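Below is one structure, written out as structure tokens; comments come after it.
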Amino acid sequence: MFKCKHTSLLIVAAVNLLATTGDITTSWPSPVFPKLYSNDTRINPLPKPMTRTEESIIGSILSIGACIGPIFLNLIIHPFGYKKTLLSLAVPHFVSFLLLGFTKRIYYFYIARFLAGLSVGAGYSLFSVYVGDIADDEKRGRMVLVTNIFWSAGSLIPLAIGPYTSISNFNLILSYLPILYFILFLIVGAESPYYLMRMKKEEEAEATLMYIKGCDKKDVAAELQKISDFIESSKDAKLSDILTDKVLRKNLLLCCTLIATQELGGYSSILYHLELIFRYAESNIPADKAALIVGFVLFTSSFVAPFLVDVVGRRPLLITSCIGMGTSLALLGFFFHYHNTHAHVHVIRFVPLLSLVSYIISFNVGINTVPWTLVSELFPSKNKQAASSIATSFSWCITAIVTFSYNYLVTRLSIFGTFWLFAGWCFVSCFFCFFFVPETKGKSFTEVQRMLYKDSSVPKQEVF
């Protein structure tokens with residue numbers, strides 16, 4: 001292993017290529033759905049145009065796979081470790097893209113999206129924990145939120161490539177990304193020192209810390225002792241601890257509520273149907289170009305949160321994010337309501353693009369990744385992986401329900417009513433964030449636990 005002061009940044013960058021691969025799946029439907037609806041066999045590989053039900057299944061079955069992903073993760077992570085587990089998650093993505101690139105049957109689209117979902121769900125539950133384990137306390141929030149940049153890059157790639165290539169070539173191009181991730185993370189990736197200490201591999205943990213921090217043996221002694229003390233006080237973890245411990249149960253409910261806001265605020269439904277939304281709005285800008293602009297804003301705005309989270313704090317970012325999302329969705333709903341009731345809307349055709357750009361920026365600065373930062377901070381080491389897996393499965397269950405029901409909501413409530421429904425949840429979440437979200441900015445894992453338990457009857461020696 002080579003020594004470098006920026007090794008931890010290299011590791012985070014390498015592992016986050018998997019995050020990029022995973023988030024490709026969220027915007028993948030935007031350029032693909034219009035083609036699958038086409039009657040032109042040169043555009044649509046299916047023997048007939050896709051139905052609304054088939055669209056809902058393709059959109060939601062990824063989330064069903066993602067719900068199951070954390071279950072498989074918990075079966076393999078303890079015997080094989082973090083690095084090998086993360087490497088293995090490249091395989092389902094690669095197989096999925098190959099299937100999507102060559103199939104001409106709708107059922108294989110289902111299988112491919114389900115396989116990708118398995119990897120996405122496992123990866124989402126592991127990213128924040130892994131990055132939190134290798135990052136310094138003062139940089140932990142920023143490091144975790146760097147994942148947002150790679151997630152956003154993944155959302156941009158399909159919007160930039162998909163409209164201009166065939167479905168086959170599009171997916172074959174995407175299949176190179178999990179290969180690139182596998183090679184780079186195999187070279188620079190490291191095992192979690194917390195995992196190694198839990199497995200009683202002190203010498204390996206010491207060597208790993210030296211590699212991550214780019215320093216000598218004497219410089220990691222204090223850090224190694226801190227990890228050892230933390231692990232010792234976190235022994236005998238049980239999944240039931242989260243449900244029986246009042247503080248942990250409250251933390252789980254808090255994190256799940258914030259994560260639910262991502263989807264009940266409409267994010268995946270909007271991203272899946274981005275190009276179709278712009279087509280329905282009859283914007284002056286072509287739908288594929290407008291979708292690409294939103295994707296570019298999604299990517300560029302992702303650079304903001306890592307710089308703000310450890311300066312502004314978690315709670316202010318969440319409140320600002322929810323207010324911005326709710327306002328943007330309310331404005332978008334107003335446009336479509338006006339569009340349905342007035343023949344001349346040319347004077348306000350800029351509203352859909354403006355609203356969705358504002359929505360994406362607001363989403364990115366807070367609600368997109370701060371909840372996952374809190375998952376990595378609000379739970380003791382012994383409960384962190386279980387909490388992350390529960391939160392991830394819950395997140396994808398909500399995503400599956402919302403994305404599958406999107407067409408039903410649009411039919412029953414109309415498109416403007418659906419956006420107003422999403423906006424209402426965002427505004428309710430503002431009050432939740434203000435009253436219930438604790439501020440963890442700049443605190444170590446131990447300090448966070450002491451803050452959470454300061455009013456609890458649980459003895460301090462049992463907290464960690």
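Read the figures in this text as sums done on the coordinates, not as results from a lab. Values in this document were obtained by computation on a predicted structure and should not be read as measured data. We place every Cβ from the backbone using ideal geometry, glycine too, and count neighbours over all the protein chains shown.
In terms of other Cβ atoms within 10 Å, Lys246, Lys84, Lys384 run from fewest to most in the order Lys246, Lys84, Lys384. The modelled label-to-label distance between Thr411 and Val428, using points 7 Å beyond Cα along the C-beta direction, is 2.4 nm.
Listed values for the stretch 26-42 are Karplus-derived 3J(HN,Hα) couplings in whole Hz (6.51 cos²θ - 1.76 cosθ + 1.60, θ = phi - 60°), namely 7, 9, 3, x, 4, x, 8, 4, x, 6, 6, 8, 6, 8, 7, 5, 6, and x replaces Gly and Pro. If the chain linking Lys217 and Ile348 were pulled fully straight, counting 0.36 nm for each residue of separation and taking away their Cα-Cα distance, it would gain 40.8 nm. Put a dot 7 Å past the Cα of Asn169, heading toward its Cβ, do the same for Tyr107, and the two dots end up 3.1 nm apart. Computed about the Cα centre, the dipole magnitude for the stretch 47-114 is approximately 140 debye when only Lys and Arg (+1) and Asp and Glu (-1) carry charge, each at its Cβ.
Each Lys and Arg adds +1 at its Cβ and each Asp and Glu adds -1 at its Cβ; summed about the Cα centre, the stretch 262-356 shows a dipole of about 140 debye. Spin-label model, Glu439 to Ile179: label points 7 Å out along the Cα-to-beta-carbon direction sit 5.0 nm apart. Per-residue ellipticity at 222 nm, computed for the chain from helices alone with -39500 (n - 2.57) per DSSP H run of at least four residues, works out to -25500 deg cm²/dmol. For the chain, a crude dipole built from +1 on the beta carbon of Lys and Arg and -1 on the beta carbon of Asp and Glu, taken about the Cα centre, is about 420 debye to the nearest 20.
Note on His337/Lys84: beta-carbon distance plugged into 1/(1 + (r/R0)^6) with R0 of 60 Å gives a FRET efficiency of 0.70. Entry note, the stretch 44-188: relative contact order of 33 percent, from Cα contacts under 8 Å with a spacing of 6+ residues.
Sorting Asp216, Asp288 from the fewest to the most surrounding beta carbons within 10 angstrom yields Asp216, Asp288. In this structure, Met199 and Ile285 have a Cβ-Cβ separation that, at R0 = 45 Å, corresponds to a calculated FRET efficiency of about 0.25. Residues His339, His78, His273 in ascending order of nearby Cβ atoms (within 10 Å, fewest first): His78, His339, His273.
For the chain, the longest principal axis of the Cα atoms and the long axis of helix 314-341 meet at an angle of about 10 degrees.
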